[in-house]
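Just below is one structure, and these are the notes that go with it.
The values are calculated or read from the model by the stated rules, or taken from the named source; none is laboratory data. Quantities reported herein were computed from a predicted structural model and do not represent experimental measurements. For neighbour counting, all protein chains shown are included, and Cβ atoms are generated from backbone atoms with ideal geometry for every residue, glycine included. The protein model used for the area step is the full one, side chains on, heavy atoms only, and it has no ligands, DNA or RNA in it. Shrake-Rupley method; radii C 1.70, N 1.55, O 1.52, S 1.80 Å.
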Amino acid sequence: MGKPDLSVEVAGIKLRNPVMTASGTFGYGKEFADYLDLEKIGAIITKGLSIRPKAGNPTPRIVETPGGMLNAIGLQNVGIDAFIQEKLPFLRTVNTPVIVNLYGNTLEEYGELAEKLDKLPEVAGLEVNISCPNVKQGGIVFGTDPNAAYEVVSLVRESTIKPLIVKLSPNVTNVVEMANACVDAGADALSLINTLTGMAIDLQKRRPILANMTGGLSGPAIKPVALRMVWQVAQAVKVPVIGIGGIMTATDALEFMLAGATAVQVGTANFLDPSAAQTIAEGMETYLEENGIADVKELIGALIT
Amino acid sequence: MQFKSMIISNIEVSPGYFKMRMTAPPAVRSATPGQFIMVRVRDAIDPLLRRPFGIFDLGTFATAYTDCGTQTYFEILYKVVGKGTEMLSTLHQGDHLDILGPLGKGFMPGDPSGEKILVGGGVGMAPLYYLAKEMVKTSKVRLFAGGRNKEDILCITEFERLGVETYVSTDDGTLGASGLVTEVLEKHLSESIDNKTIFACGPFPMLRAIAAIAGRHDIPCQVSLEAYMACGVGACLGCVMKGRNHSNETPDYRCVCKDGPVFDYRDLQWD
Ligand SMILES: Cc1cc2nc3c(=O)[nH]c(=O)nc-3n(C[C@H](O)[C@H](O)[C@H](O)COP(=O)(O)OP(=O)(O)OC[C@H]3O[C@@H](n4cnc5c(N)ncnc54)[C@H](O)[C@@H]3O)c2cc1C
Ligand SMILES: Cc1cc2nc3c(=O)[nH]c(=O)nc-3n(C[C@H](O)[C@H](O)[C@H](O)COP(=O)(O)O)c2cc1C
Ligand code: FES
């Protein structure tokens, strides 16, 4: 048997393997260039961008919890113009698709961002974040109300012809309803999940540890929730689903594919091990080889129930 | 870079404080004083995140096998405060650790003819030893060490062996002068500030007080900061401090891991 085929296609974007880096956990790519080969992963998804530079929340912004971490970065980012000037030139030199994650405080800002990004040939696709729990306006409002989600995704759809991925929040009672609204509005793919709202308390000081009081939970602790949601959504929609949440190893990634994911994103694992995404991709290849599976696509949704 | 180190020794140097010596790849020899490493305490999900530590010392030793030549080692000095440092303290010679580093921007040594004033609070002494070791080669070096009690005053004899003039103070007076290290520093500076530069590491309130002293006397001052870190490479934005020009409209956050941990005190907002 020759080498197994790890390539997949998501929203029209061709990936050499199903492993992407999750927004906000991989900077703008360059930060990790010394630790892994950026051309051995499927795609780079950049830190969530807004129209104007955004300050983010006061510190402390992160705290470790059992099996996970809470973050309340508050979407600090350089803004779209600085991204184009300062970050994109490096990304252009890397032969790996770059997907830009974006969010707006208002409906109009989402549209404006999509229009600006639409003009950049280096950007392979957009991932619309309607699910950040750490900003007061925007973000979460669009991500928890199907009508608002429909509206914002429709607007972005009108503003760009690029592949459009919508990133869903787990902080809802009915994730399938949200997924359907986004697909109806024109999403080419869905990624899930973003972080789960959580909290940590310092007993000694009787205070919340994060300056923002609450933060987003990520890491191995959220994997079972993410797997369940990916499984539910993948059955309900016709577009590809990207699985995110606590993926640390190739085994984790393959489980998400069985649950119905066409690709996966590696987040918190990048912090523990900056070469994690490449290691996971290589581990998937080894698994396919050892099990005589010629094509990773055979595993998508192949869960036996 | 990312590498595996073997622990050469891990000893308690004062109650609750440990010094760990590890092998390092030759590339680590280029580390500058003030840079740090991120340690994966255990190859498991608990503790999940790496723990940052300053480089206490760096050197080479001849290996037992002559054909292997010399090997680079480095040391960290750490205080047991929680889960991760507790686990580290139980590790033994021969155990291996996964490490990232050297990371961040270290101290800028500046004009060798000037006098170097090192100020360390508690375990903030850690990055100052390697700094002192480099600086005594060319400059006059004084160390002001402060802590709550005598157990917090670490490795003074090692500094003295380098030829550093040391001034010790403790809050409870159990060693050296009684009171805050910043009071002793201020007194020393009031005698003369001629061509002196301050290099400080310790708890945030101490650094803020030192920044104020440096401002009052208008002397150059570099501080090494601590922050909660997840990635250590400037990607997560968890470790930021407010830069000089920061406001909500003009965000000027500096990453402690990448833009620091050593900063010119004038580059930060100290409110
Ligand atoms: C650049 C840098 C260099 C450092 N160098 C040294 C060093 O040379 N020697 C040393 O002993 N320590 C150093 N520290 C602090 C050290 O990283 C923390 O003490 C350690 O991560 C605590 O881990 P833990 O699992 O034992 O504590 P946890 O169980 O995670 O927490 C216990 C308590 O420790 C404190 N703490 C946790 N993380 C940090 C942190 N990053 N900074 C400050 N306090 C923290 C908190 O108050 C917490 O309540 C450095 C930190 C930074 C950012
Ligand atoms: C520090 C941090 C910052 C993040 N920033 C963003 C962001 O800007 N946009 C976004 O859509 N998701 C963001 N996320 C969410 C991640 O992309 C991912 O959905 C989440 O962490 C779950 O995956 P994991 O368990 O593998 O980390 C962030 C997560 C972390 C930990
Ligand atoms: S620790 Fe992640 S940016 Fe500094």
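When each of B:V223, B:V240 is tested for being within 16 Å of ligand 2 (Cβ to nearest atom) and within 17 Å of B:Q269 (Cα to Cα), the lone residue that passes is B:V240. Here B:F53 fits the description: outside the structural domain of B:S192 (by TED's automatic domain parsing) and over 13 Å from B:S5 (Cα atoms).
Just one of the numbered conditions (1) at pLDDT 95 or above; (2) within 15 Å of ligand 2 (Cβ to nearest atom) is not true of B:D267: (2). Out of all the residues in the range B:217-230, which are away from chain A (no Cβ under 14 Å) and surrounded by fewer than 22 Cβ atoms within 10 Å (Cβ to Cβ)? Once the filter is applied, which keeps residues that are away from chain A (no Cβ under 14 Å) and surrounded by fewer than 22 Cβ atoms within 10 Å (Cβ to Cβ), the range B:217-230 yields B:H217, B:D218, B:I219, B:P220. If the condition is being in a loop (DSSP other than H, G, I, E, B) and open to solvent by less than 20 Å² (accessible area, probe 1.4 Å), then the range A:12-24 contributes A:N17, A:P18, A:A22, A:G24.
Somewhere in the range B:195-216, is a residue within 16 Å of ligand 2 (Cβ to nearest atom) and surrounded by 23 or more Cβ atoms within 10 Å (Cβ to Cβ)?
So the first thing to find is which residues in the range B:195-216 are within 16 Å of ligand 2 (Cβ to nearest atom), and the list is none.
No, the conditions are met nowhere in the range B:195-216.
Yes/no matrix, rows are residues, columns are (1) at pLDDT 95 or above; (2) farther than 27 Å from A:G68 by Cα; (3) within 14 Å of another protein chain (Cβ to nearest Cβ); (4) open to solvent by less than 20 Å² (accessible area, probe 1.4 Å):
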residue	(1), (2), (3), (4)
B:G34	yes, yes, no, yes
B:L49	yes, no, yes, yes
B:F53	yes, no, no, no
B:F56	yes, yes, no, yes
B:T63	no, yes, no, no
B:T66	no, yes, no, no
B:D95	yes, no, no, no
B:K105	yes, yes, no, no
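Kindly check whether there is at least one residue in the range B:170-184 that is outside the structural domain of B:V136 (by TED's automatic domain parsing), open to solvent by less than 10 Å² (accessible area, probe 1.4 Å) and without any contact (Cβ under 8 Å) to a residue 40 or more places away in the chain. No, the conditions are met nowhere in the range B:170-184. Of all the criteria given as (1) open to solvent by 50 Å² or more (accessible area, probe 1.4 Å); (2) touching a strand residue (DSSP E or B) at 6+ places or on another chain (Cβ under 6 Å), the one not satisfied by A:P97 is (1).
Across the range A:39-63, the qualifying residues are those that are outside any loop (DSSP other than H, G, I, E, B) and open to solvent by less than 10 Å² (accessible area, probe 1.4 Å), and the one among them that is farthest from A:V166 (Cα to Cα) is A:I62. Residues in the range A:10-35 that are out of contact with any strand residue (DSSP E or B) (no Cβ under 7 Å at 6 or more places or on another chain) and more than 15 Å from A:M284 (Cβ to Cβ): A:G12, A:K14, A:G24, A:T25, A:G27, A:Y28, A:K30, A:E31, A:F32, A:A33, A:D34.
For the condition within 14 Å of chain A (Cβ to nearest Cβ) and under 30 Å from A:P274 (Cβ atoms), B:G202 does not qualify. With respect to A:L113, is the statement that it is more than 14 Å from chain B (Cβ to nearest Cβ), assigned to a helix (DSSP H, G or I), open to solvent by less than 10 Å² (accessible area, probe 1.4 Å) and touching a residue at least 60 places away in the same chain (Cβ under 8 Å) true? It is true that A:L113 is more than 14 Å from chain B (Cβ to nearest Cβ), assigned to a helix (DSSP H, G or I), open to solvent by less than 10 Å² (accessible area, probe 1.4 Å) and touching a residue at least 60 places away in the same chain (Cβ under 8 Å). Here is the figure for the range A:161-185: residues that are assigned to a loop (DSSP other than H, G, I, E, B) and buried (at least 22 other Cβ atoms within 10 Å of the Cβ) total 4. Note on the range A:41-63: residues that are closer than 16 Å to B:P251 by Cβ, at the interface with chain B (Cβ under 7 Å from one of its Cβ atoms) and of a type in the set (A, V, I, L, M, F, W, C) total 1. The sole residue among B:V240, B:V262, B:V233, B:V256 that is of a type in the set (V, I, T) and away from chain A (no Cβ under 14 Å) is B:V262.
The C-beta contact set for the range B:256-270 (first residue in contact (Cβ under 8 Å) with a residue 24 or more places away in the chain and open to solvent by 50 Å² or more (accessible area, probe 1.4 Å), second residue within 16 Å of ligand 1 (Cβ to nearest atom) and of a type in the set (S, T, N, Q), distance under 8 angstrom, 6+ apart or interchain) is empty. Residues of the range A:217-270 being open to solvent by less than 30 Å² (accessible area, probe 1.4 Å), within 14 Å of another protein chain (Cβ to nearest Cβ) and of a type in the set (V, I, T), which ones? Answer for the range A:217-270, where residues must be open to solvent by less than 30 Å² (accessible area, probe 1.4 Å), within 14 Å of another protein chain (Cβ to nearest Cβ) and of a type in the set (V, I, T): A:I222, A:I247, A:V266, A:T268.
Tell me, which residue of the range A:64-86 that is more than 7 Å from chain B (Cβ to nearest Cβ) and among the aliphatic types (A, V, I, L, M) is surrounded by the most Cβ atoms within 10 Å (Cβ to Cβ)?
Ranking the qualifying residues of the range A:64-86, first place goes to A:A72.
The residue that is farthest from B:L48 (Cα to Cα), among those in the range B:85-112 that are in a strand (DSSP E or B) and within 16 Å of ligand 3 (Cβ to nearest atom), is B:K105. Taking the range B:142-251 as the region of interest, the helices (runs of 4 or more DSSP H) fully inside it that hold 2 or more residues being within 21 Å of the chain's Cα centre (by Cα) and within 16 Å of ligand 1 (Cβ to nearest atom) are B:156-161, B:204-217.
Scanning the range B:76-93 for residues that are open to solvent by less than 80 Å² (accessible area, probe 1.4 Å) and either within 14 Å of chain A (Cβ to nearest Cβ) or within 19 Å of B:L225 (Cα to Cα) (or both) yields a count of 9.
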